[in-house]
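Novice: The structure is given below, and queries will be raised subsequently.
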Amino acid sequence: MTRKPIVVALTLGLAVLFSADSRTGFAQDSHVGDLTGTAASGKQLYRRYCIGCHGPQGDGNGENAQWIDPKPRDFTAATFKCRSTPTGTLPTDEDLDHAITRGFVTTNMPSWNPLTPQQRADLVAYIKGFSPRWTAEKPSAPINIPPETAVTLPSILHGRELFQKMECWKCHGPAGHGDGPSASTLTDSKDNPIRPYNFSTGSRFKCGETNRDLYRIFMTGVDGTPMPSFADVIQPNDAWDLVHFLRTLQGLHTQEASMWKDYAAKHGPEIKPIGPTAAGGQ
Ligand code: HEC
Ligand code: HEC
């Protein structure tokens with residue numbers, strides 16, 4: 001009977017190994033469309049594809065993190081930038097899946113579109129396991145986005161008034177170049193410096209690219225950054241006006257941009273500049 005203690009020791013050892021995985025207590029499934037993701041399958045994928053940046057503990061301290069700006073997300077805090085849900089609340093599984101699929105433009109977070117939908121669902125389940133928030137709270141319902149209103153000149157002009165009144169320019173700059181008076185002073189929730197989005201740099205945002213995505217971004221906020229949610233101060237239809245105005249800042253060939261260009265060509269001198277001393281077209 002000399003063997004028994006070894007078996008016991010082995011069993012104990014295994015038990016310690018499993019409990020040392022602090023995540024198992026929070027393990028969860030994910031639901032993305034018709035798919036159910038499981039943390040057990042996500043674990044191997046995470047070790048293969050994500051660990052180098054997001055770290056073995058999911059705290060964003062992977063071995064490559066020191067070279068990266070902005071830093072990889074800390075999943076233990078469960079604060080996410082791209083949500084369909086109100087500011088301060090957890091994202092839905094679909095929100096996480098979309099973020100993983102899309103990747104984060106202008107950052108080191110790649111698009112994981114080459115993985116299968118099932119693999120991404122498994123990864124969503126696994127990363128939820130890093131924070132107890134997912135067992136204590138449920139994601140809120142996504143915000144309601146009414147159908148888009150027509151793109152008209154009055155809509156663009158009203159959106160421009162909101163850009164002035166809501167002080168978007170203080171961070172994003174009068175022309176949306178990310179160079180407003182507060183821009184150089186901003187830090188994120190980890191005290192790292194962060195720059196406001198520069199609208200002239202392209203068509204994509206971290207959290208999407210369509211007009212609906214744009215609407216969602218400023219009505220839910222970019223949590224963990226100084227970019228606030230405006231859901232309490234901007235009415236739904238007014239929010240579409242702001243979307244239409246933001247499109248004129250992008251240097252893209254959009255309907256909004258050409259309407260604004262025609263207007264500016266005819267009314268240039270009457271247009272009040274945006275900024276601290278301006279009434280901003282009010
Ligand atoms: C090369 C580094 C790198 C790798 C590899 C990487 N990420 Fe990221 N990830 C980042 C960075 C950097 C951010 C933060 C970007 C930001 O805050 O703007 C991020 C953010 C995220 C977010 C946050 C989404 C949100 O809305 O806030 C999720 C989820 C995520 N990554 C999942 C993954 C998964 C899953 C993998 C593996 C399949 C992975 N990442 C691999 C660098 C990486
Ligand atoms: C206090 C400063 C501040 C104010 C005020 C502000 N923003 Fe931002 N905004 C930021 C920062 C910082 C980011 C960058 C977040 C990031 O990259 O993670 C940002 C990002 C964005 C983005 C891009 C998000 C993405 O997915 O890439 C949009 C769109 C945006 N802001 C719109 C607005 C609008 C519209 C207003 C006014 C209604 C506004 N912001 C007011 C600081 C601000």
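The values are calculated or read from the model by the stated rules, or taken from the named source; none is laboratory data. Nothing here was measured: the structure is a model prediction, and the numbers come from that model. Because the Cβ atoms are built from the backbone with ideal geometry, glycine has one as well, and the counts that use them run over all protein chains shown.
Novice: Taking the stretch 63-88 only, how many residues are in contact (Cβ under 8 Å) with a residue 12 or more places away in the chain, over 12 Å from the mean Cα position of the chain (by Cα) and closer than 20 Å to Ser111 by Cβ?
Specialist: Adding up the residues that qualify gives 8.
Novice: Run down Ile156, Ile127 and say which single residue is within 16 Å of ligand 2 (Cβ to nearest atom), assigned to a helix (DSSP H, G or I) and either modelled with pLDDT of 95 or more or within 24 Å of Asp97 (Cα to Cα) (or both). Write out each step before concluding.
Specialist: Values: Ile127 fails: within 16 Å of ligand 2 (Cβ to nearest atom).
Answer to the check: Ile156.
Novice: Of everything in the stretch 99-118 that's touching a residue at least 60 places away in the same chain (Cβ under 8 Å) and crowded, with 18+ Cβ neighbours inside 10 Å, which residue is farthest from ligand 2 (Cβ to nearest atom)?
Specialist: It comes out as Trp112.
Novice: If you don't mind, another one. Residues that are of a type outside the set (D, E, K, R), modelled with pLDDT of 95 or more and in a loop (DSSP other than H, G, I, E, B): does the stretch 21-30 have at least one?
Specialist: Within the stretch 21-30, the first condition is being of a type outside the set (D, E, K, R), and the residues that meet it are 22, 24-28, 30.
With the extra rule that they be modelled with pLDDT of 95 or more, the set shrinks to 30.
With the extra rule that they be in a loop (DSSP other than H, G, I, E, B), the set shrinks to none.
So far as the stretch 21-30 goes, no, none of its residues is of a type outside the set (D, E, K, R), modelled with pLDDT of 95 or more and in a loop (DSSP other than H, G, I, E, B).
Novice: Still on this model: From Pro117, Pro86, Pro91, Pro56, grab the single residue that is closer than 19 Å to Arg216 by Cα and more than 11 Å from ligand 1 (Cβ to nearest atom).
Specialist: Pro86
Yes/no per residue for (1) within 26 Å of Pro154 (Cβ to Cβ); (2) touching a helix residue (DSSP H, G or I) at 6+ places or on another chain (Cβ under 7 Å); (3) without any contact (Cβ under 8 Å) to a residue 40 or more places away in the chain:
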{"site": "Lys170", "(1), (2), (3)": "yes, no, yes"}
{"site": "Pro181", "(1), (2), (3)": "no, yes, no"}
{"site": "Ser184", "(1), (2), (3)": "no, no, yes"}
{"site": "Gly202", "(1), (2), (3)": "no, no, no"}
{"site": "Arg212", "(1), (2), (3)": "yes, no, no"}
{"site": "Thr254", "(1), (2), (3)": "yes, yes, yes"}
{"site": "Ala265", "(1), (2), (3)": "yes, no, yes"}
{"site": "Ile274", "(1), (2), (3)": "yes, yes, no"}
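Novice: Find the helices (runs of 4 or more DSSP H) located wholly in the stretch 164-263 whose residues include 1 or more that are more than 16 Å from ligand 1 (Cβ to nearest atom), modelled with pLDDT of 95 or more and in contact with a His (Cβ under 6 Å, 6 or more places away or on another chain), and list them.
Specialist: Numbers: elements: 168-172, 211-220, 236-247.
Hits in the stretch 164-263: 236-247.
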